[in-house]
Amino acid sequence: MFGIIEEDGDDEDEDSEFNVNELDSNEEEDGDDDDEEEVLFPGSLFSVATIYLALLNWKITFNIQDSAFESLLKNLRQIILPEDNKLPSSFVLMKKDIGSPNSKKYERHA
C-alpha cells in the first residue's frame, strides 16, 4: 500500500530508504508474542504501528506541513480505507496514541 517511490538517477541514500515490508518482517523475528500488534483493519497485512511509522517517515522526509498531513489522514480514513480502520482522524490523535503508555510498541530498535 505504501511503497517507496524511487527516482530515476543516482540514489545516494539507498541505506536510508524506509521499507514498510521490512519493518513487519523484523517485528515477527523479535519473538515478542506478549503484545499482539493491532492491525490497521481486519485482514490488513500491516500493524497500526507500522503505518504510523511509514506515515511519519513520509511526513518528515518530504517536510509535509501539518495541515497537509491532516488532510491526508482524513482522506485515507474516509475515502480509501475500510470503515472499521484504526487510523486516527487527526495528527493530534496520532501523536496522543504514540505518546500513550503503550508507546514502547511503536519504537523501532536498531
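The values are calculated or read from the model by the stated rules, or taken from the named source; none is laboratory data. Since this is a predicted model, take the numbers as computed values, not measurements. Heads up, the Cβs are rebuilt from the backbone with ideal geometry, glycines too, and the neighbour counts pull from every protein chain shown.
Table for the structure above
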quantity	calculated
Subset of segment 45-67 that is touching a residue at least 12 places away in the same chain (Cβ under 8 Å) and among the aromatic types (Phe, Trp, Tyr) - its residue that is surrounded by the fewest Cβ atoms within 10 Å (Cβ to Cβ)	Trp58
Cβ-Cβ under 9 Å pairs, at least 6 apart or on other chains, segment 82-110 side more than 24 Å from Ser67 (Cβ to Cβ), far side modelled with pLDDT under 90 and hydrophobic (A, V, I, L, M, F, W, C)	Arg108/Leu23
Residues (hydroxyl-bearing (Ser, Thr, Tyr) and within 16 Å of the chain's Cα centre (by Cα)) located in segment 33-67	Ser44, Ser47, Thr50, Tyr52, Thr61
Residue in segment 68-85 that is small (Gly, Ala, Ser), surrounded by 11 or more Cβ atoms within 10 Å (Cβ to Cβ), in a helix (DSSP H, G or I) and within 15 Å of the chain's Cα centre (by Cα) present	no
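Residue by residue, here is whether (1) in contact with a Ser or Thr (Cβ under 9 Å, 6 or more places away or on another chain); (2) modelled with pLDDT under 55 holds:
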site	(1), (2)
Glu17	no, no
Asp32	no, yes
Gln78	yes, no
Met94	no, no
Ser100	no, no
